[in-house]
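Have a look at the structure below before the remarks.
Read-outs throughout are calculated quantities, based only on the coordinates presented, and are distinct from any laboratory measurement. Just so we're clear, the structure is a prediction, and the values are computed from it rather than from any experiment. A quick note on method: Cβ atoms are made from the backbone with ideal geometry, for glycine too, and the neighbour counts reach across all protein chains shown.
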Amino acid sequence: MADKNNSNSSKLWTGRFNAPTDSFVEAFTASVDFDQRMYQQDIRGSIAHANMLAQVQVISDSERDLIVQGLTAILEEIKAGDFVWSIPLEDVHMNIESALTKKIGLVGKKLHTGRSRNDQVATDIRLYLRDEIDCIMKELTRLQMALVDLAASQTETIMPGFTHLQTAQPVTFGHHLMAWVENLKRDSERLLDCRKRVNSMPLGAAALAGTSYPIDRVFTAEQLGFDQIAGNSLDAVSDRDFAIEFTSFASILMMHLSRFSEELVLWSSAQFQFIELGDSFCTGSSIMPQKKNPDVPELVRGKSGRIYGHLMALLTLMKSQPLAYNKDNQEDKEPLFDTVDTLKGCLKVYADMIPHINVNKEIMYRAAKKGYSTATDLADYLVRKGIAFRDAHEIVGKAVRLGIESKRDLSELSLVELQQFSDKIAQDVYQILTLEGSVNARQHLGGCAPVQVQQAIEREKQRLKK
Ligand code: ARG
């Protein structure tokens, strides 16, 4: 919490005002309680700006040195928890600037030459988000690695594949896990693409129109590692589409994690028992001693809602703003920060949890045997023997009905019984009615045959190593 002392004298913009700020308005309009999170980026941006001002001789080299030393000392103070944040000083930018002037004297007041808080804040958020994107990318890669590693041990593990949550055709657990890697791969691509637009420098746009000083934006951009320089000063200070884009990426990723969570919850239930989650990732019940609850996937599933909410908040925040900067934009930070925190937490806990999943291969196998999951294979078999697919479908439907009535799987019907539906059926049918035969028959790129899944795993391992 920042210090609440209302003192107009400490403010950096009181020149044209006759009355002090209403104390409630002061607290209402302040952002320092949350934007102090960007102090490192704010100081990094200020140091680059001071270096540039000296480079173009708007300030002297000795003035620059004083400013850089002062800012570096402030950075250390903040890191050490020795910095007192002030609400009358409104935000992270004016808190640091005012501390600088207190520390190094009047030279501190030169730092803001050719700059405005409007391009300053737009730069800070982009630097902040770029740093966080790099952390998120690492966690996203770690999660994919964990899934690929688990998949590598499950390429022969047969499970029922579902459509409509009804048993459809046998697949392998390895193949199923690789489906999740596939969608997380697209999420990584989206994040990388978003990073390109985040990494564009607004600094130099000043309040909205640019500045009359002979600034060198290329110099500043190089110092800060920006790949691009915002091409229009009005746009540079006003748009937060990069934050919306990031939150869109985050929403899609959370949607994926939420679907995955739903499966983990189902699979770990007493009804499925396909997997068991590690004890350290579950909790018990205070009343039912037998319970082991999948809290982690449930919470991740639940947290998707809050990220979608942040996306809506940012879209709505932006939608009616005329050019250029408006104070509305101060509202971009809390949704963005919470999106970053939530996402990092969800990715971390998932990457940690995946290696602790125990797989019940036998139960999965038994489940795949129920539900006539090889019925399509029988139809394909008949097609290979010259029967049209629609007729084959009808024949197999009848065989399935006999199976249901006599409570047997297709592979448990005798040859004589099967032949009453089609005389094309011969002894070799039993090879294709097995789960292994069915899975192995899917021999093509993207299919569930173990060899294909091993190749997919190899491809993804190579990609993730880069
Ligand atoms: N705290 C403000 C924000 O987050 C900084 C920019 C303020 N600019 C201004 N003209 N009032 O947007």
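Some observations on this one:
- Sorting Cys346, Cys282, Cys194 from the fewest to the most surrounding beta carbons within 10 angstrom yields Cys282, Cys194, Cys346.
- Between helix 241-267 and the chain there is an angle of about 30 degrees, using the helix long axis and the longest principal axis of the Cα atoms.
- The 3J(HN,Hα) values that the Karplus relation (6.51, -1.76, 1.60; θ = phi - 60°) gives for region 30-36 are, in residue order, 6, 10, 4, 4, 10, 7, 4 Hz. Gly and Pro appear as x.
- Region 52-199 - percent relative contact order, Cα under 8 Å, separation 6 or more: 17 percent
- In terms of surrounding Cβ atoms within a 10 Å radius of their Cβ, Leu445, Leu336 rank from fewest to most as Leu445, Leu336.
- Angle in degrees between helix 295-319 and the longest Cα principal axis of the chain, rounded to the nearest 10: 50 degrees
- Bridgeable lysines around Lys370 (alpha carbons under 29 Å apart, same-chain partners fewer than 8 residues away excluded): Lys291, Lys292, Lys361, Lys385, Lys398, Lys407, Lys424.
- Shape category assigned to region 287-389 from the gyration tensor of Cα positions, a/c cut at 1.5: oblate
- Per residue, the convex hull around the alpha carbon atoms of the chain comes to 200 Å³.
- Global form of region 1-151, assessed from the alpha-carbon gyration tensor, a/c cut-off 1.5: oblate
- Fully extending the segment from His356 to Leu323, taken as 0.36 nm per residue of separation minus the present Cα-Cα distance, adds 6.7 nm.
- Glu331/Met288 FRET efficiency (R0 30 Å; Cβ-Cβ; nearest 0.05): 0.10
- Distance from region 395-426 to region 130-147 (C-alpha centre basis), Å: 50 Å
- Rounded tilt (10° steps) of 375-384 against the dominant C-alpha axis of the chain: 70 degrees
- Top positive-direction residue, dipole computed over region 94-163 with Cβ charges, set Thr101, Thr141, Thr123: Thr101
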